[in-house]
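First the structure, in the form of structure tokens, and then the observations on it.
The values are calculated or read from the model by the stated rules, or taken from the named source; none is laboratory data. Everything numeric in this text was worked out from a predicted model, so none of it was measured. Cβ coordinates were reconstructed from backbone atoms using ideal geometry, including for glycine residues, and neighbour counts include every protein chain displayed. Note: accessible area is taken over every heavy atom of the protein model, side chains too, but ligands, DNA and RNA are not part of it. Shrake-Rupley method; radii C 1.70, N 1.55, O 1.52, S 1.80 Å.
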Amino acid sequence: MASKKGVRLIITLECTECRTNLDKRSKGVSRYTTMKNRRNTTGRLELKKFCTHCNKHTIHKEIK
């Protein structure tokens with residue numbers, strides 16, 4: 001028997017400016033992990049979080 005998948009998923013949020021900006025303070029990409037409800041939020045999640053590499057609040061998008 002196949003096991004049921006839960007409604008809540010663990011997702012990873014990645015900084016959008018760290019990926020595109022080559023002239024930044026330090027090398028690396030800021031990532032956060034969080035959970036989302038699969039039924040309520042079907043699209044990709046975008047949150048404004050603090051990036052330690054950019055040293056400011058930036059938009060973090062959900063990655064696969």
**Asked** Within the set of pairs 6+ apart or on separate chains, which have a first residue in the stretch 36-64 that is more than 14 Å from Leu13 (Cβ to Cβ) and of a type in the set (Lys, Arg), a second that is in a strand (DSSP E or B) and modelled with pLDDT of 90 or more, and C-beta atoms under 8 Å apart?
**Response** Arg38/Arg8; Arg38/Leu9; Lys56/Phe50
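Got a sec? Which strands (runs of 3 or more DSSP E) wholly within the stretch 12-64 have at least 2 residues that are at pLDDT 90 or above and of a type in the set (S, T, N, Q)? Break it down stepwise before answering.
On the way: elements: 31-37, 46-51, 56-63.
By residue number, 31-37.
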**Message:** I'm trying to understand the selection: among the residues of the stretch 50-64, which are touching a His at 6+ places or on another chain (Cβ under 8 Å) and open to solvent by less than 70 Å² (accessible area, probe 1.4 Å)?
**Reply:** Cys51
